[in-house]
Amino acid sequence: MAYHWRAAGRGLGLLVTVVGLALPGCKDDEPDDPPVDTETEGDPTGTGSTSGAVSDTTAATTDATTDTGGTTTSDTSSSDGMESTDATDTTDTTDTGELMCADGMVVPGELCFGPAVTVLDLPTGALAVGDFDDDGNVDFAAGHEDAVSILTGNGDGTFAGQPDLGAPSGVLGIGVGNLDADALPDLAVAYSGSDSVGIWLSVGDGTFVETTTVGVGDFPRAVHVADLDGDDDLDLVVVNETSADVSILLGNGDGTFATDDTLSVGLAPSGAVTANLDDDPLPELAIANFGSGSVSLFDAGGGGYMALPGAGVGQGPRNVVSADFDGDTLPDLATADQDANGVSILAGLGDGVLDTLDQHVAGNDPRDLVAADIDGDGRPDLVVALESDNAVGVLRTSDEGVWQPAQTVPTAPRPVVIAVADFDGDTALDLLTASSAADGGVAIVLADP
């Protein structure tokens, strides 16, 4: 595998200093003082992103320096027992020669990115992606203190603004999915200060119409979209931070929803994912509990939601994702653990039980994560927003399934949410990050194969 970051020496990087400030109405999102040294400066259906609090705990550090050859040297150290390896990433070779960035060829195992470019200058607490104007290009929605911005992609990594969607309070979660069976992606927006979710149905040209709002628990922070009951209509899982519960809203297939259940979970829940962790046809529900350092599990079968044995993870899990990380065809779980500066991997055994916890250093203040094959080698990787490192951390596995030390890709300062997609049509996945700091915004880091 090869890792290259090519912003050095090109005169295209951005040097930005920011002062942290919370989004009004976004409960615990006020960041700490910014770091002294700020470096220079990515299936939308059924996804949602959240942001959360900053911790003073520093259990691990990841230092990266870029040399004139474009390779990155990472020194990852840990003081809390998580796996850590000093590593220097060098360029691998193949029968046809050395893997190269910026040659226009997408090669499996190659990790190449250009500089971060700001595309929206507004503090942002949520991101979601989809094709909102039905033109085949990836667009994104960004949540702010009183609105949701819609930017439609031009197919080359640039975007055009569409009319904002008004919000009665801060937006920390956006779910995307076809909520009314018209084949267009719609939005479910968590109004964190209003204890409700707004349903915005797509017109098909990049604009949306709010058709209803649904009351949920206290301070909704995340929205996950999935078919929970097997009726082919998408439902909503709304994670409520202050009331420490989850609202289950079953979709009727026409953009309306009925409240089905409220599930008690751990303290300060902050993220959700669904995955088929057993052998029945319905997905299980996993909730990341920031205040409890745990994951709650529920089985959606049998006409209700039965609590399953959960699992402890690192301190301060901010979000949870699912993929087959160990190649056994069974879905596993991973969390971004902010207070532990790492990620936790929970292997699924196929019977609703999670196996031994596996923890790895990610970097400073991991706030969000995505599971995606970022290097095109056919294996899912973890892509983590590292707020205090002003970077994205990429954790990949070897051919033998062994997790490698995190590699960092510089981005705009203080990223708290992340999305991954091919924004410029070159088949390589790009990075989209957002910051809720006062001078924050949304930045794109395009792959540079």
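The values are calculated or read from the model by the stated rules, or taken from the named source; none is laboratory data. All values reported here derive from a predicted model rather than from experimental measurement. Neighbour counts run over all protein chains shown; Cβ positions are idealised from the backbone, glycine included. In case anyone asks, the SASA skips ligands and DNA or RNA and just uses the protein heavy atoms, side chains included. Shrake-Rupley method; radii C 1.70, N 1.55, O 1.52, S 1.80 Å.
Just name the residue that is least open to solvent (accessible area, probe 1.4 Å) out of those in region 382-403 that are at pLDDT 95 or above and polar (S, T, N, Q).
Among them, the one singled out is 390.
Residues 242, 212, 207: which one is over 26 Å from residue 287 (Cα atoms) and among the hydroxyl-bearing types (Ser, Thr, Tyr)?
207
Looking at residue 324 and the list (1) closer than 23 Å to residue 224 by Cβ; (2) open to solvent by less than 10 Å² (accessible area, probe 1.4 Å); (3) not β-branched (Val, Ile, Thr), which single condition is not satisfied?
Against the list (1) closer than 23 Å to residue 224 by Cβ; (2) open to solvent by less than 10 Å² (accessible area, probe 1.4 Å); (3) not β-branched (Val, Ile, Thr), residue 324 comes up short only on (2).
Could you check, for region 371-379, whether at least one of its residues is on the phi < 0 side of the Ramachandran plot, crowded, with 24+ Cβ neighbours inside 10 Å and under 14 Å from the mean Cα position of the chain (by Cα)?
Scanning region 371-379, I find at least one residue that is on the phi < 0 side of the Ramachandran plot, crowded, with 24+ Cβ neighbours inside 10 Å and under 14 Å from the mean Cα position of the chain (by Cα), so the answer is yes.
When the residues of region 274-311 are filtered to those that are open to solvent by less than 20 Å² (accessible area, probe 1.4 Å) and β-branched (Val, Ile, Thr), which remaining residue is farthest from residue 241 (Cα to Cα)?
So the residue we want is 295.
Looking at region 248-260 only, could you name the residues that are in a strand (DSSP E or B) and open to solvent by 40 Å² or more (accessible area, probe 1.4 Å)?
Correct list: 258, 259, 260.
Which numbered condition in (1) open to solvent by less than 10 Å² (accessible area, probe 1.4 Å); (2) more than 23 Å from residue 290 (Cα to Cα); (3) part of a loop (DSSP other than H, G, I, E, B) is the only one that residue 409 fails?
(3)
Within region 128-138, can one find any residue that is within 15 Å of residue 417 (Cβ to Cβ) and surrounded by 19 or more Cβ atoms within 10 Å (Cβ to Cβ)?
Yes, region 128-138 contains at least one residue that is within 15 Å of residue 417 (Cβ to Cβ) and surrounded by 19 or more Cβ atoms within 10 Å (Cβ to Cβ).
Out of the residues in region 333-369 that are more than 18 Å from residue 420 (Cβ to Cβ) and touching a Phe, Trp or Tyr at 6+ places or on another chain (Cβ under 8 Å), state the one that is surrounded by the most Cβ atoms within 10 Å (Cβ to Cβ).
Once the filter is applied, the top-ranked residue is 338.
Which residue pairs have Cβ atoms closer than 7 Å, lie 6 or more positions apart in sequence or on different chains, and pair a first residue in region 309-321 that is on the phi > 0 side of the Ramachandran plot with a second residue that is acidic (Asp, Glu) and open to solvent by less than 10 Å² (accessible area, probe 1.4 Å)?
Hits for this filter: 316/337.
Report whether or not residue 189 is open to solvent by less than 20 Å² (accessible area, probe 1.4 Å), farther than 26 Å from residue 276 by Cβ and either at pLDDT 95 or above or assigned to a strand (DSSP E or B) (or both).
In short, yes.
So which strands (runs of 3 or more DSSP E) are wholly in region 192-247 and hold at least 1 residues that are open to solvent by 40 Å² or more (accessible area, probe 1.4 Å)?
208-215
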